[in-house]
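Novice: Before I ask anything, let me first share the structure, which is written out below as structure tokens.
The values are calculated or read from the model by the stated rules, or taken from the named source; none is laboratory data. Since the model is a prediction, treat every value here as computed from it, not as a measurement. Here Cβ is always computed from backbone atoms with ideal geometry, including for glycine, and neighbour counts include all displayed protein chains.
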Amino acid sequence: MDVEELSHLIENYGKDVYGFCCKLTRDKHQADDLYQEAFLKATELCHRIDDTQNPKIFLISIAANTWKNQRRKFGWRQRIAKMVAFHDDLDNAPDMIDGATPEHVALNNELHAMLDMASASLNDKFKIPLYMYYTAGLPVEDIASALKIPAGTVKSRLYKARKMIKEYMEVNGYEGF
């Protein structure tokens with residue numbers, strides 16, 4: 001893969017892949033690393049990218065598989081020596097919506113934080129298809145081909161993920177879900 005082809009992939013699909021990485025990792029620095037590793041792996045596997053298919057699916061599946069591998073390695077490291085995570089609240093700054101009251105913004109931020117916590121608490125087998133569907137905007141068939149599972153399994157996992165998020169929200173006081 002030459003520089004032009006890589007630039008073309010980054011231009012067309014970079015935002016979607018990066019958004020997927022951000023949702024998956026929930027940390028800017030880890031998302032940056034995952035994004036870079038995904039495109040590095042894509043350059044290594046460039047002969048497998050089929051332009052007649054959607055290259056976005058291929059790139060997101062690389063990111064998902066890289067994430068799974070990193071989590072597996074991290075799990076082994078955690079068993080050997082525990083690490084303490086550092087969290088900064090810069091990403092949680094409230095977003096002011098034009099003309100919105102402070103109460104509306106606070107409730108909206110609380111709702112989004114609760115949804116993030118609910119989706120983050122899911123197992124990876126539910127979380128990855130959920131993020132691929134809602135964050136990357138991939139159809140069920142593309143998610144199935146990227147994860148190498150049947151489309152019915154993807155639909156089932158999306159249904160179960162939504163159901164678990166709904167239950168989480170209801171337990172925590174959001175009855176309208």
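Novice: Just for region 31-76: of the residues that are of a type in the set (Ser, Thr, Tyr) and within 17 Å of residue 21 (Cα to Cα), which one is modelled with the highest pLDDT?
Specialist: Going through the qualifying residues, I end up with 35.
Novice: Is it true that residue 135 is among the β-branched types (Val, Ile, Thr), free of Cβ contacts under 8 Å to residues at least 24 places away in the same chain and surrounded by 13 or more Cβ atoms within 10 Å (Cβ to Cβ)?
Specialist: No, not satisfied.
Novice: Next question. Being surrounded by fewer than 17 Cβ atoms within 10 Å (Cβ to Cβ) and of a type in the set (Ser, Thr, Tyr) is the filter here; which residues of region 146-174 pass it?
Specialist: 153, 156, 159, 174, listed by residue number.
Novice: Give me the residue from region 20-64 that is surrounded by 17 or more Cβ atoms within 10 Å (Cβ to Cβ) and among the polar types (S, T, N, Q) and, out of that set, nearest to residue 117 (Cα to Cα).
Specialist: My answer is 25.
Novice: Then there is this: Yes or no: region 42-52 includes at least one residue that is among the hydrophobic types (A, V, I, L, M, F, W, C) and touching a Ser or Thr at 6+ places or on another chain (Cβ under 9 Å).
Specialist: no
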